[in-house]
Amino acid sequence: MKIVISLGGSLLAPKDAPLAAANFKKYADVLKRLQSQGHQILVVCGGGKTARDYQAIAKELSASREMVDNVGTSATILNAMTLASSLGEAAYQPKEVPLKYSAAKKLFGAGKILVYGGWKPLHSTDFDSVLLARTVGAELIINVTNVPGVFSADPRVDPAAKKFDRLGHDEFIKIVRKNVQAPGQYALFDLKGAKLLKKIKVRMIVIDGRDAEEITRAVEEKHSGTVIE
């Protein structure tokens, strides 16, 4: 299967735990196992706490919106290159950092896992993952977050929030629209990415990736997350 995995930076660089090699290795182990089963994989990494911390300083120093976003994008590239390092020979190791968007179509399916960060200011990695899924003809997007799926409201704030097992694209867009925030602070998903997802008609599964094995369960249709199709 051709799979794009959007791996939240909050999992690689969590705000409530130290930045550590183990954060990357547990995902690398799952990705290598999936690759050994014949799946073709492209990963897009978010920026997490690293991005937010640097962006907060940039804002304090009166950086422009575009510069603040570039700072966040740089953090996604740090995560991507560190994850690629943890994958070793299983991943394509680019000579130029970051891996260029234009390389995806040529390199995908050539036997190596591709690992991306962001590459363009004012784009979220949510949007990037959907854009890359369209580029490589992915059959599935797995959005790996730190919540157990899509809810009617943020479950970390509202204990009465309802979890959905399945959603149509229009329903998903409606929920996302209620949760739009600035780049690097998405409560759920990028609205522009949700609209592109509807356009390309690729199935997406939103899962709680704090247990890295949930990624495998998503591929095997045994997950506890939310399916958007």
Pair list, Cβ under 8 Å, 6 or more apart: the range 70-83 residue in contact (Cβ under 8 Å) with a residue 24 or more places away in the chain and under 9 Å from Thr50 (Cα atoms), other residue in a helix (DSSP H, G or I) and charged (D, E, K, R) | Gly72/Arg52
Selected residue (criterion: nearest to Val136 (Cα to Cα)) from residues of the range 199-209 that are in contact with a strand residue (DSSP E or B) (Cβ under 9 Å, 6 or more places away or on another chain) and not small (Gly, Ala, Ser) = Val202
Please indicate, with yes or no, whether at least one residue in the range 143-154 is in contact with a Ser or Thr (Cβ under 8 Å, 6 or more places away or on another chain) and on the phi > 0 side of the Ramachandran plot.
-> yes
Kindly state which helices (runs of 4 or more DSSP H) lie completely within the range 95-194 and contain at least 3 residues that are crowded, with 22+ Cβ neighbours inside 10 Å, in contact with a helix residue (DSSP H, G or I) (Cβ under 9 Å, 6 or more places away or on another chain) and small (Gly, Ala, Ser).
-> none
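Do the conditions hold for Arg65, that is, is it in contact (Cβ under 8 Å) with a residue 12 or more places away in the chain, surrounded by 16 or more Cβ atoms within 10 Å (Cβ to Cβ) and more than 26 Å from Leu140 (Cα to Cα)?
It is false that Arg65 is in contact (Cβ under 8 Å) with a residue 12 or more places away in the chain, surrounded by 16 or more Cβ atoms within 10 Å (Cβ to Cβ) and more than 26 Å from Leu140 (Cα to Cα).
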Check whether at least one residue in the range 126-134 is modelled with pLDDT of 95 or more, more than 16 Å from the chain's Cα centre (by Cα) and not aromatic (Phe, Trp, Tyr), and report yes or no.
-> no
Does any residue of the range 177-195 turn out to be touching a residue at least 40 places away in the same chain (Cβ under 8 Å) and farther than 22 Å from Cys45 by Cα?
-> no
Hey, could you check the range 15-47 for residues that are part of a loop (DSSP other than H, G, I, E, B) and in contact (Cβ under 8 Å) with a residue 60 or more places away in the chain and say which is nearest to Asp211 (Cα to Cα)?
-> Gly46
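Each row is one residue, and each column tells you yes or no for (1) farther than 25 Å from Ile41 by Cβ; (2) touching a residue at least 40 places away in the same chain (Cβ under 8 Å).
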{"residue": "Glu89", "(1), (2)": "no, no"}
{"residue": "Gly109", "(1), (2)": "no, yes"}
{"residue": "Lys120", "(1), (2)": "no, yes"}
{"residue": "Arg134", "(1), (2)": "no, yes"}
{"residue": "Ile142", "(1), (2)": "no, yes"}
{"residue": "Val157", "(1), (2)": "yes, no"}
Among the residues of the range 196-213 satisfying the criterion of being part of a helix (DSSP H, G or I) and either of a type in the set (Val, Ile, Thr) or free of Cβ contacts under 8 Å to residues at least 12 places away in the same chain (or both), which is surrounded by the most Cβ atoms within 10 Å (Cβ to Cβ)?
-> Ile200
Within the range 150-203, considering residues that are more than 14 Å from Asp126 (Cα to Cα) and of a type in the set (Asp, Glu), the one modelled with the lowest pLDDT = Asp154
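The values are calculated or read from the model by the stated rules, or taken from the named source; none is laboratory data. No experiment lies behind these values; they were computed from the predicted model shown. Here the Cβ is made from the backbone with ideal geometry for all residues, glycine too, and neighbour counts use every protein chain on show.
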